[in-house]
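A quick write-up on the structure given underneath.
The values are calculated or read from the model by the stated rules, or taken from the named source; none is laboratory data. Bear in mind that the values here come from a model prediction, so they are computed numbers and not experimental data. Here the Cβ is made from the backbone with ideal geometry for all residues, glycine too, and neighbour counts use every protein chain on show. Keep in mind that these areas ignore ligands, DNA and RNA; they rest on the heavy atoms of the full protein, side chains included. Shrake-Rupley method; radii C 1.70, N 1.55, O 1.52, S 1.80 Å.
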Amino acid sequence: MESNLKELINPSSTVGGGVEDVYGEDRATEDQLVTPWTFSVASGYSLLREPQHNKGLAFTEKERDSHYLRGLLPPAIITQQLQEKKLMQNIRQYQSPLQKYMALMDLQERNERLFFKLLVDNVEELLPIVYTPTVGEACQKYGSIFRRSQGLYISLKEKGKILDVLKNWPQRSIQVIVVTDGERILGLGDLGCQGMGIPVGKLALYTALGGVRPSACLPVTIDVGTNNEKLLNDEFYIGLRQKRATGKEYTDLLDEFMAAVKQNYGEKVLIQFEDFANHNAFQLLAKYNTTHLVFNDDIQAGTGIAELIALEMSKKANTTLEEARKKIWLVDSKGLIVSSRKESLQEFKKPWAHEHEPVNNLLDAVKAIKPTILIGSSGVGRSFTKEVIEAMASLNERPLIMALSNPTPQSECTAEEAYTHSKGRAIFATGSPFDPFEYNGKVFFPGQANNAYIFPGFGFGLVISGAIRVHEDMVLAASEALAGQVTKENFDKGLIYPPFTDIRKISAQIAANVAAKAYELGLATHLPRPENLVAYAESCMYSPVYRQYR
């Protein structure tokens, strides 16, 4: 299979409409000799300090001679597999998740391939460390644990100079940018400049789970201040010490950033907006989705979840989108969203305002609407109370309950609560991981409804097709590809998602589906279209296996 994959493509024109694999990052170039380029050929002490090329004790005898490493390393030569075994043993000895997070970030800064090898091979164990829920704690304490910059910080001080700031980043062939302004980090609120942990974590998953080259990823934080008084008074806070800029000052900075990104990196760079507050997130997506390749999985969740479900329902039932929307009801902080509230609703909520008498809380809404599925994405912890879960169980033999908010304290309910209050009948999935739970002699395995299933493969599909715009049908194509990976064995265990251990295979399927939709819609620029998109996606995926140096 490996050799067949490698025959499918020309290594000099693999990903992103023909971006050459200079650093030997893709699976298709695993067997090729590479030169450890930085700005010049890295050798000697500088090679050991270059995370993209450092292999530590895995440098061969020949490489130690060729690259002036003699005497700079102990004489032992060990394999990458043994390095991985040692590091996993070390990481497991740490007591707190934050210690494990810091150890992994240190590893990424000194040996990039080994970091991603650990993450790929131990994804279920390490995902909660590099992503939710631990990344939330890391962001809260980012100033205290900050050691080395891992992305670009663009503040109000850089206004008028953002293009120059982008040019300071050493990599030129950027394909995916994750950007935040830190105003709504997970369910933790305004963390200002310290929200950088989110773009860094997301892009680690774009590489480990989706296969995007690390050299093509750029984390960005837009610092316009923070309204978090605790951070403003924290001597270790790393951002601007001022209240958040709003209005024209804010939009001008974002406009300059978006224009500079397009000028510096071109039309096909994917920009994922991450953890912006709703009042900015919807406006930014609407403003730039016709001029840039942009995506926001926060709001293409929430009302976006509802819209995707309605789109799929209208497609399967051969009915109108408006009719499908009537099967879906939303509840916000003021209760059920109904037509009598329409004038006071934000624009994105108005399509979901149906005819019904006002209902001011979730429990009464459940009793009135009698839903089969309950999805939470509000960030309000424990909002699925005992009474709400019992009501769902009284209405359905197998109620589907999805508590998607992150991190764990913001989850709408725990696994224990869902299974106990439904008497073991709930099909349950969460945004943050929960351990298996035993109820009445049976062990239940909570599914993790994590957006990490979707966004890495989704972004990779845009990259390999050279897409220039995101269309909602692409998001739907990604969802359908994920659903297609769920087996009967998964269903029998009460799981509605496949195991994360298969995530690279899943991401390849998602990427192929998204790319196919991009070609179908005429939005792909990487021509001609590869004959087998799944095989092509697999061959283009980043491989963390060490390369042999000339």
Subject >> Pairs where the first residue, in region 219-238, is at positive phi and the second is modelled with pLDDT of 95 or more and of a type in the set (Lys, Arg), C-beta under 7 Å, 6+ apart >> reply: GLY225/LYS243; GLY225/ARG244
Subject >> Residues within region 339-379 that are open to solvent by less than 80 Å² (accessible area, probe 1.4 Å), of a type in the set (A, V, I, L, M, F, W, C) and not in a helix (DSSP H, G or I), tallied >> reply: 5
Original post:
Filter region 302-338 for residues that are open to solvent by 60 Å² or more (accessible area, probe 1.4 Å) and among the aliphatic types (A, V, I, L, M); which is nearest to LYS370 (Cα to Cα)?
Top reply: VAL331
Original post:
Quick check: anything in region 502-524 of a type in the set (D, E, K, R), open to solvent by 60 Å² or more (accessible area, probe 1.4 Å) and out of contact with any helix residue (DSSP H, G or I) (no Cβ under 9 Å at 6 or more places or on another chain)?
Top reply: yes
Original post:
Based on what the data block shows, is SER432 closer than 27 Å to ARG184 by Cα, open to solvent by 60 Å² or more (accessible area, probe 1.4 Å) and of a type in the set (Gly, Ala, Ser)?
Top reply: no
**OP:** Give the residues of region 37-52 that are within 16 Å of LEU69 (Cα to Cα), part of a loop (DSSP other than H, G, I, E, B) and at pLDDT below 85, sorted by residue number.
**Re:** ALA42
Original post:
If you check SER383, SER432, which single one turns out to be touching a helix residue (DSSP H, G or I) at 6+ places or on another chain (Cβ under 7 Å), at pLDDT below 95 and assigned to a loop (DSSP other than H, G, I, E, B)?
Top reply: SER432
Original post:
How many residues does region 487-501 contain that are open to solvent by 100 Å² or more (accessible area, probe 1.4 Å) and part of a helix (DSSP H, G or I)?
Top reply: 4
Original post:
Of the conditions (1) free of Cβ contacts under 8 Å to residues at least 24 places away in the same chain; (2) over 22 Å from ASN289 (Cβ atoms), LYS248 fails just one. Which one is it?
Top reply: (2)
Subject >> Output for region 525-543, where each listed residue is in a helix (DSSP H, G or I), open to solvent by less than 10 Å² (accessible area, probe 1.4 Å) and in contact with a Gly (Cβ under 9 Å, 6 or more places away or on another chain) >> reply: ALA537, CYS540
**OP:** Could you give me the residue pairs with C-beta distances under 8 Å whose first residue belongs to region 457-470 and is at pLDDT 95 or above, whose second residue is in a loop (DSSP other than H, G, I, E, B) and among the hydroxyl-bearing types (Ser, Thr, Tyr) wherever it lies, and which are 6+ apart or on separate chains?
**Re:** SER465/THR525; GLY466/THR525; ALA467/THR525; ILE468/THR525; ARG469/THR290
Original post:
Which of the residues belonging to region 94-133 are closer than 20 Å to GLY192 by Cα, part of a helix (DSSP H, G or I) and touching a residue at least 60 places away in the same chain (Cβ under 8 Å)?
Top reply: VAL130
Subject >> Contacts under 9 angstrom Cβ, first residue in region 267-288 being in a strand (DSSP E or B), partner polar (S, T, N, Q) and open to solvent by less than 10 Å² (accessible area, probe 1.4 Å), 6 or more apart >> reply: GLN272/ASN296; PHE273/THR180; PHE273/ASN296
Original post:
Of (1) open to solvent by 10 Å² or more (accessible area, probe 1.4 Å); (2) assigned to a helix (DSSP H, G or I); (3) more than 24 Å from GLY266 (Cα to Cα); (4) not aromatic (Phe, Trp, Tyr), VAL165 satisfies all except one. Which?
Top reply: (3)
**OP:** May I ask you to list pairs of residues, at least six apart or on different chains, whose Cβ atoms are under 7 Å apart, with the first in region 52-80 being among the basic types (Lys, Arg) and the second being open to solvent by 70 Å² or more (accessible area, probe 1.4 Å)?
**Re:** ARG64/ARG70
Original post:
Only one residue in GLU390, GLU397 is open to solvent by 50 Å² or more (accessible area, probe 1.4 Å), touching a residue at least 24 places away in the same chain (Cβ under 8 Å) and either assigned to a loop (DSSP other than H, G, I, E, B) or among the polar types (S, T, N, Q) (or both). Which one?
Top reply: GLU397
Subject >> Residue count, region 400-429 (criterion: over 25 Å from GLU274 (Cβ atoms), open to solvent by less than 50 Å² (accessible area, probe 1.4 Å), of a type outside the set (Val, Ile, Thr) and assigned to a loop (DSSP other than H, G, I, E, B)) >> reply: 4
**OP:** Show the residue pairs that are 6+ apart or on different chains and have beta-carbon atoms under 7 Å apart, the first residue being within region 491-502 and at negative phi, the second being open to solvent by 90 Å² or more (accessible area, probe 1.4 Å) and part of a helix (DSSP H, G or I).
**Re:** PHE500/GLU124; THR501/GLU124
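Each row is one residue, and each column tells you yes or no for (1) open to solvent by 10 Å² or more (accessible area, probe 1.4 Å); (2) under 21 Å from GLN346 (Cβ atoms).
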{"residue": "ILE222", "(1), (2)": "no, no"}
{"residue": "ASN227", "(1), (2)": "yes, yes"}
{"residue": "LYS230", "(1), (2)": "yes, no"}
{"residue": "THR251", "(1), (2)": "yes, yes"}
{"residue": "PHE257", "(1), (2)": "no, no"}
{"residue": "ASN264", "(1), (2)": "yes, no"}
{"residue": "GLU274", "(1), (2)": "no, yes"}
{"residue": "ALA286", "(1), (2)": "yes, yes"}
**OP:** Pull up region 435-462, narrow it to residues that are small (Gly, Ala, Ser), open to solvent by less than 10 Å² (accessible area, probe 1.4 Å) and not in a strand (DSSP E or B), then point me to the one that is farthest from LYS517 (Cα to Cα).
**Re:** ALA452
